[in-house]
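Visitor: Let me begin by handing over the structure; questions about it come next.
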Amino acid sequence: MAVLIVLLIGAITFAAWYVRQHFNYWKRRGIPHDEPKIPFGNTSELMKTIQLSEIMKRTYNKYKNKTDGPFVGFYMYFKRMVVVTDIDFVKTVLIREFEKFHDRGVFHNERDDPLSANLVNIDGQKWKSLRQKLTPTFTSGKMKSMFPTILTVGDDLIRVFDQTASASGDSMEITHLLARFTADVIGSCAFGLDCHSLSDPKAEFVQMGTAAITERRYGKSMDLLLFGAPKLAAKLRMKATVQKVEDFYMNIIQDTVDYRVKNNVKRNDFMDMLIEMKLKYDNGDKENGLTFNEIAAQAFIFFLAGFETSSTTMGFALYELASNQDIQDKLRIEIDTVLKNHNGKLDYDSMRDMTYLEKVIDETMRKRPVVGHLIRVATQAYEHTNPKYNIEKGTGIIIPTLAIQHDPEFYPEPEKFIPERFDEDQVQQRPACTFLPFGDGPRNCIGLRFGRMQVIVGMALLVHNFKFELHPTKTVVPLEYRIDDILMSSKGGIHLKVSRVGKL
């Protein structure tokens, strides 16, 4: 018994020493950092009082130009990381020395949680191979072929918006409607299905998409392991995807694949291209093909990434237009003029003529990026000109997108909404990697063309048909963000006054 007590005391003593050593890493290195709190590191406030990207913004603002290196130390739970404070080093990580920082280091478990093993999450050679296979799916030609599908759903959006605005009286909550729009668009393009989300607010596609983002399989407490030690979590055969979400999407994708193959259905959409890769694999071409689980994971992330980010961006854009009526009026004049020049028709070519609309969207993503930070992992040791700032293999790299895009050095008066920041001459004057809503470099967002296209179509139709204003009592000013979401999203939705101005 005495021996067991001694061993237990020894184990506890060693564990305490190890934890202290771990959380003293940046102190020993002489790297500036905020004092960590065990076991949360520098994220003890996370999901309690502040959103994650705002923690990164606060850290960036505190230390930028106050250190002799390009980053400061940070602990995300037990995970040793750095927050980049130098824009040139952002370029080093994302582009210049990408081969040393190509992994994201987030949880994925291909064996037990197949939907987690998607292009966003996987690393190393598997990511590189999959990216090469999927890149042809997102060419401008492919986007053009999907445009009519988006436009059809856009017509439904205007009809439902009109009905909802009429029934809601003097204000309406817009974010849920916009999520239903993007669910129908991506459901059609990714799965070839009419999801009926716009006509049915309780449609499963929206419910499951929301559940995939907001619900947790084990509860918030297990985030400590999933986010802090993702490799260990995978070895323990943990899963991040909620079971009902996994069952829903796996069944939908299986049924879609079986039906199309059996009936030789071709729709020239994202699912068609995935099925072609599955057939290659089934016929022995494993180098160029994909397994069923692999195509399911890609269809899932295509839906999830586009569903939340695009609808949230549209909501933020309409909020800014309601707050800046002069900009909204200028934008509506452009949209109306372009449509008039194209015989009243919104198509792929007329969309490309809406240059001010693109600037409005870019400024929205600058001021309110849905993905407020990027994470990379050092896949090999990095040597800095100042050895103090060398980076060991395995160290996490946080690029604080929200902070960079609110840095007055790059964007004077960053809290103001100024679409002209994206005039060509102003864009050329800014350093590279100061606008990162889609990331940058070889691991940027593969679906950025599609995401932009559905946002442009939705915004063009909405601003052409409706006027948006702040409600004196129901619109929250300034806009507040949810603190329990990894993405930047509005707390309590966005309530605006909506009125008809014309017809397409």
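Visitor: Considering only region 439-478, state which residues are hydrophobic (A, V, I, L, M, F, W, C) and not in a helix (DSSP H, G or I).
Guide: Step one: of region 439-478, the residues hydrophobic (A, V, I, L, M, F, W, C) are 445-446, 448, 450, 453, 455-457, 459-463, 466, 468, 470, 476-477.
Correct list: C445, I446, F466, F468, L470, V476, V477.
Visitor: Just need a number here: residues in region 154-181 that are touching a Leu at 6+ places or on another chain (Cβ under 7 Å) and part of a helix (DSSP H, G or I).
Guide: 9
Visitor: When both residues are 6+ apart or on different chains and their Cβ atoms are under 9 Å apart, which pairs have a first residue that lies in region 470-484 and is under 11 Å from I50 (Cα atoms), and a second that is among the aliphatic types (A, V, I, L, M) and assigned to a loop (DSSP other than H, G, I, E, B)?
Guide: Partner pairs satisfying both residue conditions: Y481/M488; R482/M488; I483/M47; D484/M47.
Visitor: Considering only region 232-245, state which residues are closer than 21 Å to A190 by Cα and out of contact with any Lys or Arg (no Cβ under 8 Å at 6 or more places or on another chain).
Guide: K244, V245
Visitor: Out of the residues in region 479-504 that are of a type in the set (V, I, T) and assigned to a loop (DSSP other than H, G, I, E, B), which is surrounded by the most Cβ atoms within 10 Å (Cβ to Cβ)?
Guide: Taking region 479-504 first, the residues of a type in the set (V, I, T) are 483, 486, 494, 498, 501.
Of the ones still in play, those that are also assigned to a loop (DSSP other than H, G, I, E, B) are 483, 486, 494, 501.
Numbers: I483: 15, I486: 18, I494: 26, V501: 12.
Residue satisfying both the conditions and the ranking: I494.
Visitor: Quick test of your reading of the structure: K286 fulfils all but one of (1) more than 24 Å from T214 (Cβ to Cβ); (2) in contact (Cβ under 8 Å) with a residue 12 or more places away in the chain. Name the failing condition by number.
Guide: The single condition K286 does not satisfy is (2).
Visitor: Inside region 1-105, counting only helices (runs of 4 or more DSSP H) that do not spill past its ends, which hold 2 or more residues that are over 19 Å from P369 (Cβ atoms) and free of Cβ contacts under 8 Å to residues at least 60 places away in the same chain?
Guide: The helices (runs of 4 or more DSSP H) meeting that bar are 2-23, 25-29, 52-63.
Visitor: Next up: Would you check which residues across region 202-250 are basic (K, R), over 18 Å from A117 (Cα atoms) and free of Cβ contacts under 8 Å to residues at least 40 places away in the same chain and list them? Don't jump to the end; show me each part of the working.
Guide: Step one: list which residues in region 202-250 are basic (K, R), which gives 202, 216-217, 220, 231, 235, 237, 239, 244.
Next, from what is left, pick out any that are over 18 Å from A117 (Cα atoms): 202, 220.
Listed by number, the list holds a single entry, K202.
Visitor: Ok, one more. Could you list all residues from region 185-205 that are of a type in the set (S, T, N, Q) and either buried (at least 23 other Cβ atoms within 10 Å of the Cβ) or closer than 10 Å to I252 by Cβ (or both)? Explain how you work it out, then say what you get.
Guide: Within region 185-205, the first condition is being of a type in the set (S, T, N, Q), and the residues that meet it are 188, 197, 199.
The one that is of a type in the set (S, T, N, Q) and either buried (at least 23 other Cβ atoms within 10 Å of the Cβ) or closer than 10 Å to I252 by Cβ (or both): S197.
Visitor: Next up: Looking at region 374-417 only, could you name the residues that are of a type in the set (G, A, S) and on the phi < 0 side of the Ramachandran plot? Write out each step before concluding.
Guide: The initial filter retains those residues of region 374-417 that are of a type in the set (G, A, S), namely 378, 381, 394, 396, 403.
A378, A381, G396, A403, listed by residue number.
Visitor: Restricted to region 206-223, and to residues that are surrounded by 14 or more Cβ atoms within 10 Å (Cβ to Cβ) and over 21 Å from the mean Cα position of the chain (by Cα), which residue is modelled with the lowest pLDDT?
Guide: Top of the filtered list is M222.
Visitor: For region 366-376, check the following and say yes or no: at least one residue is touching a residue at least 24 places away in the same chain (Cβ under 8 Å), of a type outside the set (D, E, K, R) and in a strand (DSSP E or B).
Guide: Yes, the conditions are met somewhere in region 366-376.
Visitor: Inspect region 123-140 for any residue being closer than 19 Å to L304 by Cβ, in contact with a His (Cβ under 8 Å, 6 or more places away or on another chain), touching a residue at least 12 places away in the same chain (Cβ under 8 Å) and of a type in the set (S, T, Y) and give the result as yes or no.
Guide: No, the conditions are met nowhere in region 123-140.
Visitor: Looking at the structure I just gave you, is T182 surrounded by fewer than 22 Cβ atoms within 10 Å (Cβ to Cβ), closer than 21 Å to V370 by Cα and in contact (Cβ under 8 Å) with a residue 12 or more places away in the chain? Spell out how you get there, then give the answer.
Guide: On the way: surrounded by fewer than 22 Cβ atoms within 10 Å (Cβ to Cβ): no; closer than 21 Å to V370 by Cα: yes; in contact (Cβ under 8 Å) with a residue 12 or more places away in the chain: yes.
Criteria not met by T182.
Visitor: Which numbered condition trips up I418, out of (1) touching a Leu at 6+ places or on another chain (Cβ under 6 Å); (2) of a type outside the set (F, W, Y); (3) without any contact (Cβ under 8 Å) to a residue 60 or more places away in the chain?
Guide: Only one criterion in (1) touching a Leu at 6+ places or on another chain (Cβ under 6 Å); (2) of a type outside the set (F, W, Y); (3) without any contact (Cβ under 8 Å) to a residue 60 or more places away in the chain is unmet by I418, namely (1).
Visitor: A follow-up question, please. Among the residues of region 231-241, are any out of contact with any strand residue (DSSP E or B) (no Cβ under 9 Å at 6 or more places or on another chain), under 25 Å from I375 (Cα atoms) and crowded, with 19+ Cβ neighbours inside 10 Å?
Guide: Taking every residue of region 231-241 in turn, none turns out to be out of contact with any strand residue (DSSP E or B) (no Cβ under 9 Å at 6 or more places or on another chain), under 25 Å from I375 (Cα atoms) and crowded, with 19+ Cβ neighbours inside 10 Å.
The values are calculated or read from the model by the stated rules, or taken from the named source; none is laboratory data. Treat the numbers as computed from the prediction; the structure is a model and nothing was measured. Don't worry about glycine lacking a Cβ; one is built from the backbone with ideal geometry, like all the others, and counts go over all protein chains shown.
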